[in-house]
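> Dumping the structure here so I can ask a few things about it.
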Amino acid sequence: MTEPRYDAVIHAPNRPQICAMPAAVDSMELSRVRQSLGASDSALNKHLKVLEGAGCVEATSRGGVVPPYLNRAHP
């Protein structure tokens with residue numbers, strides 16, 4: 001059995017919540033994610049870039065329409 005370890009990508013504050021939010025609904029508006037966390041646009045964007053790079057979530061727009069959506073990552 002491997003030892004639990006801290007992973008800075010996923011365990012930074014707010015990132016576990018960001019990953020969990022679309023898991024229940026497949027996708028949700030980023031404005032709702034931001035409101036739930038009480039995070040600024042810039043802080044949320046930083047978290048999303050890291051989580052997208054790690055393959056944890058996907059942020060998309062639907063037909064180029066705002067608002068963008070947070071989606072579950074599909075392997």
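The values are calculated or read from the model by the stated rules, or taken from the named source; none is laboratory data. What you are looking at is a predicted structure, and each value in this text was computed from that prediction instead of being measured. Every residue, glycine among them, receives a Cβ derived from its backbone with ideal geometry; neighbour counts consider all protein chains shown. Surface areas here come from the heavy atoms of the whole protein model, side chains and all, with no ligands, DNA or RNA. Shrake-Rupley method; radii C 1.70, N 1.55, O 1.52, S 1.80 Å.
> Tell me the per residue accessible area of the chain using a 1.4 Å probe; a whole number in Å² is fine.
Details: 5040 Å² over 75 residues.
About 67 Å² of surface per residue is accessible.
> Quick one: dipole size for the chain, taken about the Cα centre, charges +1 on Lys/Arg Cβ and -1 on Asp/Glu Cβ, in debye to the nearest 20.
The calculated dipole for the chain is roughly 120 debye.
> Please report, as a whole percent, how much of the solvent-accessible surface of the chain comes from carbon and sulfur atoms (probe radius 1.4 Å).
Numbers: 2700 of 5040 Å².
Looking at the chain in its full context, I get 54 percent from C and S.
> When the helices in the chain are scored as -39500 (n - 2.57) per DSSP H run of 4 or longer and the sum is shared across all residues, what 222 nm value do you end up with, to the nearest 500 deg cm²/dmol? Working shown, then result.
Working: 4 runs with 36 residues, N = 75.
The helix-only estimate for the chain comes to -13500 deg cm²/dmol at 222 nm.
> Above 20 Å lies some portion of the pair distances; for the chain, what is it as a whole percent of all C-alpha pairs?
Values: 741 of 2775 pairs.
Of all Cα-Cα pairs in the chain, 27 percent lie more than 20 Å apart.
> Okay, next question. If packing is taken as the average number of other Cβ atoms within 10 Å across a peptide's residues, how do 3-9, 55-61 rank, most packed first?
Values: 3-9: 7.7, 55-61: 15.4.
Highest mean packing first, the order is 55-61, 3-9.
> Relative to the longest principal axis of the chain, what angle (0 to 90°, nearest 10) does the C-alpha long axis of helix 15-25 take?
60 degrees
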